[in-house]
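Participant: One structure follows; several queries about it will come next.
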Amino acid sequence: MAPYDPLSVALHFPFFAKHPGITYLDNAATAQVLGSAAAAAAEFYGKHVCVHRGSYGDGTPIEEIYEGARSAVAKYIGAAEPEEIVFVRGTTEAINLAAHCWSRAFLRHGDRIVTTAMEHHSNFLPWRRAADDFGAEFCVCPITPSGELDMEAFEKLLGENTRLVAVCHASNVLGTINPVAKIAEMAHAVGAVVLVDGAKWAGSGAINVGEIGSDFYALSGHKMFAGTGIGILHCRRKILESMDPMLLGGGMADLASNHFACRPLPMKFEAGTQNIAGAIALREAVAFLSDFPWASHREYCERIGNYVENSIGEMDGIRLLGSPPEKVSVFSVVSDDVHSHDLATMLATKDVCVRAGHHCATPLFSALAVGSALRASFGIYNTLDDAKKFIGALRWAMKRLS
């Protein structure tokens, strides 16, 4: 791929050709879909039959393509082998699968689960329920005023009874990039396993689960330009083999009259008909991202970040949530005088697409003593001009509504 140029990147996304006046800044919710990913999914629907089900027509080739998608994802995230990749609907299902299956196998009364105050509900509620179901202790690591994890507090939460740590790679509200490799090292030192929620990071940077040291890594295809309904749970083989599946049904077991035996990984965890088109689209997304110039993209994001943060700092009546030194291009702002939903509505009239609310992170908003925020989240195709349009619209809206 050529050196990073967001305008060139945008050419790969049909949305921008069809909507040239739109400034799309809601990537933390859902990113736009690559043209190649959409085309590959459409080709499947027009040509192929169900995977692992038929030997007729194009049945054999699609099985090879489907499993090829698994191999491509495994290579992209640095997994040890394709069998460690379980296809799911998205990060939410991945974490629920991990929480359900791992807890049944390993969690006991008096054990401790540690998560953080900046987690999305999807990496909070499943562990809260697991702790309740098994009588485990549920601990939440606080954040610092700048929006970083309080690592001193985190270290104190780790003990002999700590069994699992659940942490986001990057916050979907503050943009904070967490030191997940260090967190994994600290957790492993006390015998705990680590799940990393990679939903927001997946479209923002390269992933290597080997370097991170995570035991579980979850991500969604729709955050990394592959469309909705597909995601993965990566889990190290030793743990995956030790867990019973959450879903039972077709394709995951060999059934006799009075017993069943689970099939080998990863089919053991993929009951029923999978989102084959989604897996194919995800393969196209990782092919696109595999040689993406992340380093130069990161430098460009810093330019955007400096501009947005300095501009908001100069505005009256509005402030930015958090100021972590390492962050992805997510900017959440609050005003004491104007509701975030009113701001979002006003920005929409200027064709600036942002989101307002608590962004499925109410523990974080409670910690910050804030009800809601306006969030602008940038993708790999957004430009400095998009940032300027956002700031201009925000200034205009604040002047009109204050």
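Participant: Cross-link candidates for LYS75: which lysines have Cα within less than 26 Å, leaving aside residues fewer than 8 places away along the same chain?
Facilitator: Partners found: LYS182, LYS200, LYS223, LYS238, LYS268, LYS327.
Participant: Along the Cα→Cβ direction, 7 angstrom out, place labels at ARG263 and ASP337. What is the inter-label distance in nm?
Facilitator: Once both label points are built, they end up 6.3 nm from each other.
Participant: Enter the accessible area per residue of segment 5-44 (Å², integer; probe 1.4 Å; all protein chains in place).
Facilitator: 45 Å²
Participant: At q = 0.10 Å⁻¹, work out log10 I(q)/I(0) for the chain with the Debye formula, treating every Cα as an identical point scatterer and leaving solvent out; two decimals please.
Facilitator: Here log10 of I(q) over I(0) equals -0.69.
Participant: Could you work out the relative contact order of segment 257-402? I mean the mean sequence separation of Cα pairs under 8 Å and 6+ apart, divided by the number of residues, in percent.
Facilitator: Computed value for segment 257-402: 22 percent relative contact order.
Participant: What part of the accessible area of segment 87-178, given as a whole %, is carbon or sulfur when the probe is 1.4 angstrom?
Facilitator: 49 percent
Participant: Under a 1.4 Å probe, what is the accessible area of segment 211-334 per residue, stated in Å²?
Facilitator: Dividing the accessible area of segment 211-334 by its residue count gives 42 Å².
Participant: Another one. Running Debye on segment 34-145 with equal point scatterers at the Cα sites and no solvent, what base-10 log of I(q)/I(0) appears at q = 0.13, 0.19, 0.21 Å⁻¹?
Facilitator: Debye curve over Cα of segment 34-145, log10 I(q)/I(0) at q = 0.13, 0.19, 0.21 Å⁻¹: -0.72, -1.03, -1.13.
Participant: Next question, about the same structure. Using Cα pairs closer than 8 Å and at least 6 residues apart in sequence, work out the relative contact order for the chain, in percent.
Facilitator: With pairs under 8 Å counted, the relative contact order is 24 percent.
Participant: Further, regarding this structure: Grab the Cα-Cα distance for MET151 and ARG108, subtract it from 0.36 nm times how many residues apart they are, and report the gain in nm with one decimal.
Facilitator: 12.9 nm
Participant: Specify the angular offset, from 0 to 90 degrees and rounded to the nearest 10, of the alpha carbon long axis of helix 59-77 from the longest principal axis of the alpha carbons in the chain.
Facilitator: Value to nearest ten degrees: 50.
Participant: Name the most mobile residue of HIS121, HIS222, HIS109, meaning the one with the largest mean-square fluctuation, in a Gaussian network model of the chain with Cα contacts below 10 Å.
Facilitator: Looking only at HIS121, HIS222, HIS109, the largest GNM fluctuation is found for HIS109.
Participant: Please give the contour-minus-distance gain from HIS19 to ASP385: 0.36 nm per residue of separation, less the Cα-Cα distance, rounded to one decimal in nm.
Facilitator: In short, 130.2 nm is gained.
Participant: Based on alpha-carbon atoms only, what is the radius of gyration of segment 2-46 relative to the globular estimate 2.2 N^0.38 Å?
Facilitator: 1.30
Participant: Using only Cα atoms and rounding to the nearest 10 degrees, what angle (0 to 90) does helix 35-47 make with the longest principal axis of the chain?
Facilitator: Helix 35-47 sits roughly 40 degrees off the main axis of the chain.
Participant: Mind checking which of GLY379, GLY221, GLY317 has the largest fluctuation in a GNM of the chain, springs on alpha carbons under 10 Å?
Facilitator: Residue with maximal mean-square fluctuation among GLY379, GLY221, GLY317: GLY317.
Participant: So, one more: Which shape class, rounded, prolate or oblate, goes with segment 172-264 when its Cα gyration tensor gives a ≥ b ≥ c as root eigenvalues, a/c under 1.5 marks rounded, and past that a/b bigger than b/c marks prolate?
Facilitator: In terms of gyration-tensor shape, oblate.
Participant: With all protein chains present, how much of the accessible area of segment 184-294 (probe radius 1.4 Å) comes from carbon and sulfur, to the nearest whole percent?
Facilitator: Whole-percent figure for carbon plus sulfur exposure: 51.
Participant: By how many degrees, between 0 and 90 and to the nearest 10, does the Cα long axis of helix 384-401 differ from the longest principal axis of the chain?
Facilitator: 60 degrees
The values are calculated or read from the model by the stated rules, or taken from the named source; none is laboratory data. None of these values were measured; they are calculated from a predicted model. We place every Cβ from the backbone using ideal geometry, glycine too, and count neighbours over all the protein chains shown. For the accessible areas, the whole protein counts, side chains as well, though only heavy atoms, and no ligand, DNA or RNA atoms are used. Shrake-Rupley method; radii C 1.70, N 1.55, O 1.52, S 1.80 Å.
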